[in-house]
1. For residue 146 and residue 377, calculate 0.36 nm times their separation in residues minus their Cα-Cα distance, and state this gained length in nm to one decimal.
2. Give the dimensionless ratio obtained when the Cα radius of gyration of region 277-326 is divided by 2.2 N^0.38 Å.
3. Determine the gain in length on full extension of the stretch residue 413-residue 115; use 0.36 nm per residue of separation and subtract their C-alpha separation, reporting nm with one decimal.
4. For the cross-link pairs 4/120; 300/383; 171/383; 98/383, which exceed 25 Å when the distance is taken from alpha carbon to alpha carbon?
5. Under 12 Å from the 7 Å Cα→Cβ point of residue 280, by amide nitrogen: which residues of region 305-338?
6. Just the projected area, averaged over all directions, of the convex hull on the alpha carbon atoms of region 389-436: how many nm²?
7. Counting other Cβ atoms within 10 Å, which GluC sites (Glu not before Pro) in region 226-295 have at most 14 and lie in a DSSP loop?
8. Largest first and in whole Å, what are the equivalent-ellipsoid semi-axes of region 226-365 based on the Cα gyration tensor, each being the root of 5 times an eigenvalue?
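Values in this text are rule-based calculations from the coordinates and carry no lab data. All values reported here derive from a predicted model rather than from experimental measurement. Glycine also receives a Cβ, built like all others from the backbone with ideal geometry; neighbour counts cover every protein chain displayed.
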Amino acid sequence: AATKQYKVLVSTNGKNVSHFSLTLVDSNNQSSETTWVTKSWTDMFYGLGKAAVDKFRGLFQKGGLLTTEITIYINVEKDLGDIVQVKIEKDNTPWFCKYVRVKSPSGKTFEFPCYGWLEKTEVVIREGSARLPQDDTNIFKKQRQEEHKFGKKKFRWTQSRKGFPLNLDAKLDQLPLDVQFDEDKTSEFNWNIVNVLLKGANDKLKSYFQSWDKIAHFEAILADWDIKKTLLVNVMEDWNTDYMFGYQFLNGCNPVMISKCVNLPESFPVTHEMVEGSLQRGFTLQEELEKGNIYIADYKILEGLKANKTRKNTQCYLSAPICLLYSNRLDQIVPIAIQLSQTPGERSLIFLPNDNEHDWMLAKMWVKSSDFIVHQLVTHLLKTHLISEVFEVAMYRQLSTVHPVYKLLIPHVRFTIAINARARENLISEDGVFSK
């Protein structure tokens, strides 16, 4: 009897791929005979002739993985129908599989996305359509259970510090292959570190020999940058204006601190007489509050924190300010009162726009300094990195690769665990950068 032929394309990084088998399984749990594949680098580059050499030209692509496509032909006596699984058997050496593509004798193509490291000696890859658990047949239910079991074994919970979100129980050099940096990301990350260290060393060296003696020297901060045709041009021109200060609360790197103020906190005793000159509509402060024109940025989270010493015998200082802002008739958000602590009194002045020019400027600088700290530690580190890791670990533990939520999440958590592991070891550890 005439045989029918399936064309199978395996896309891999090429490394460690030498000897493996493929078995196709259809929706009725009927399977092809197991086909063994043996490939070596000499086979791939020279044994297949000029066409193969042309095909593999430029294999080093962005992503750091050497992409190789291996084509296998599987003969069957009759068409299996819709292929729903591809079984792969291999040795103990892990290798990266991007996807498997199967073309049936009738010309229908089935996609089996993987984009992960094959670590087990027997691996089953499901057809790529998203499916919920309740839609699984018995054979798929068993496979989904195996995925959960393997995921919970590989992705275990721990808590690096009391009060921190849970994280993966693995040090940087113990991370599962699927969540490690690839070669390109590692090179980029290391190069960025070198640049930061060099820039920091240069700035520190400069600080020993020179310091600001006039506000105009602020422009020297960006002297080494080409800021033409960027928004930084506007920043350099308007950085000390109340308009730009308020603009950054909505359009800067940390637009989550500002909120509408309905009632002033007891710790911030601003009166109408203090801000009357800043209110443009002829209303009292209480009326502006009721009309929704008053906003507040409160950095209470920093209260009581002790600042580090950057150099021997040089103490740094940290404030926990409260800033009151006003939406004026031009729809600009501008500051109208600043207090640099959470405890009102004679030692905690409320600064106003009509105060001494330099006093008001420094009060705004203190607010922005506090905003930077909250952004880095809370908005960025905690709410972006550490919280995201909780969802990623839970995803690997609880969801099959064909679950719709898994498919939605997986592109957005790439490298999250790896970069967090680096942060825990080098940034926020007891002897990390933040402690120094």
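1. Values: separation 231, 0.36 × 231 = 83.16 nm, distance 3.81 nm.
Taking 0.36 nm per residue and subtracting the Cα distance, the gain is 79.3 nm.
2. Working: Rg = 17.5 Å, N = 50, 2.2 N^0.38 = 9.7 Å.
That ratio works out to 1.80.
3. Details: separation 298, 0.36 × 298 = 107.28 nm, distance 1.35 nm.
Extra length from residue 413 to residue 115 when fully extended: 105.9 nm.
4. Details: 4/120 31 Å; 300/383 17 Å; 171/383 21 Å; 98/383 31 Å.
From 4/120; 300/383; 171/383; 98/383, over 25 Å: 4/120; 98/383.
5. Residues 326-335 qualify, since their backbone N sits under 12 Å from the label point.
6. Working: hull surface 14.4 nm².
That works out to 3.6 nm², a quarter of the Cα hull's surface.
7. Details: sites: 237, 266, 273, 276, 287, 288, 290; in loops: 266.
Answer by residue number: 266.
8. Numbers: eigenvalues 125, 99, 39 Å².
For region 226-365, the ellipsoid semi-axes come out as 25, 22, 14 Å.
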